Structures are given as C-alpha cells and as structure tokens.
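Read through the structure below, which is laid out as structure tokens, and then see the notes.
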Amino acid sequence: MKALLWKDFYQTWKYGKTLLFLSAIFAISSLFVNGSSSMSYLVIYPSILGGCFPYTLLSLDEKEKWAQFCDTLPFTRAQFVSAKYLNGIILGMGISLLTVLGQACRMLISSDSLQPIGLLKLFIILICISMLATSFIMPFVLKMGVERGRLWYMLSLFLFFGLGGAMTVIITFLGNARIRLPFPGEFLFPAATAVILLFCVGSWKLSIHYYQKREL
C-alpha cells in the first residue's frame, strides 16, 4: 500500500505540478478580485481540479498497462483503489491549504485581522468539495474503464458544478428570505460535513466493489 501511494505521489509531482502552480495563481488572484461570484470561482475551482486528478492517474495507469501489471504484484485491488482515493484527499488538502493561506492574506490586507474559525470552516469546505469531486467520478470510471468512463467524467463535472450553483442559490434565498430552519443553524455545518463524509465512504466502498469484479 505504501509503495502504491509513493508511486502515485511521484506521478502527481510529475504531471500535477501545473495544477499546484495554477492553485497558487488562483490564490494570489483572489487577493485582487471583488465580487462574491468571482471570489467563489477562484476559491472553489482549484479544489475541484484536485479532486478530479485521480482520474488522470487512472488514465496514466491504463495507458502504461500498470493496472494489469499491478495484479501480478502483492497488492490487492482494494489497495489499488484506496491509493487513488488517498492521493486525491492529500492533494485536495494541499490545494485547500494554499487557498486558505491566500484568503488569510486577503483578510490581513483588507481588515488587518484574521478569522481563524472562518478559515478553518473554509478549509473543511474545500476538502469536502475535493472529496466530492473524487467520489462522483471514481466509481463509474473504475467500473467501465477510463475510455468508456470519460463521458461520465464529463457529465459528473457538469452535475457537480450544477449542484454547486443550485446550493449557492438556495443558501442565498434562505438568507434573504430569513426562513427559520427547523433546527439550530449551528448544526447545519457539521451535519452537512457528516453527510458528505458518508457519501465519500460509500463511493470508496462502491469503487472497490466495482474494481474487484472488473475484467482488465
């Protein structure tokens, strides 16, 4: 398992350096942009890209016939899948950290004060977004393969962005309409985080199930 993670990390460093550079550019750009919609795009988009990167790793594995070769090594298919998920989580955490650092600088520039709780919540939100992107894509790609799963990859991105836009509209509407929730508002964030984590665990288990039954 450790060897699989190192192999994926080497590939991420080789092929994903542009993604990290792009994330840094987005974080710096957010310092000079006004407007909630532009800000949301600059903050969220790098995390989505990070969550989609395991698909790139899978495509590289299939191109180089690594998946077939890995079956001859003392690794289980569950470990193969888990390495991809863990790589996506770690990469998403790194990108989210870059974004949060950018927002911390923005706070210091605009108001000369930090909001640690707000930055922590943003960090958790960005990690959840990255994990959701991975969880939407991986099960069907692992079931059908990279080539056949490319259409689902594109559709899942559209679906993901559509859900994000819908959630933004709903939250804005609830805030403007001052609708009272049937439960204390402070429970909403941890409850949503727990639901997302459960969804990601379910996706992880489903991906392992699909890949174990797949003919390579």
Original post:
part of a loop (DSSP other than H, G, I, E, B) and of a type outside the set (Lys, Arg): does that describe residue 86?
Top reply: no
Subject >> Criterion violated by residue 71 - all others in (1) exposed (fewer than 13 other Cβ atoms within 10 Å of the Cβ); (2) under 23 Å from the mean Cα position of the chain (by Cα) satisfied >> reply: (2)
Original post:
Would you call residue 46 closer than 18 Å to residue 131 by Cβ and at pLDDT below 85?
Top reply: yes
Original post:
Using beta carbons and a limit of 6 Å, which pairs, at least six apart or on different chains, have the first residue in the range 86-101 and in contact (Cβ under 8 Å) with a residue 40 or more places away in the chain and closer than 9 Å to residue 127 by Cβ and the second one aliphatic (A, V, I, L, M) and crowded, with 18+ Cβ neighbours inside 10 Å?
Top reply: 92/127; 96/126; 96/127
**OP:** Of the numbered conditions (1) surrounded by 11 or more Cβ atoms within 10 Å (Cβ to Cβ); (2) at pLDDT below 65, residue 184 fails exactly one; give the number of that condition.
**Re:** (1)
Original post:
Going by the structure shown, is residue 119 under 23 Å from residue 52 (Cβ atoms) and in a helix (DSSP H, G or I)?
Top reply: no
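The values are calculated or read from the model by the stated rules, or taken from the named source; none is laboratory data. Fair warning: this is a prediction, and the values are worked out from it, not measured in the lab. Here the Cβ is made from the backbone with ideal geometry for all residues, glycine too, and neighbour counts use every protein chain on show.
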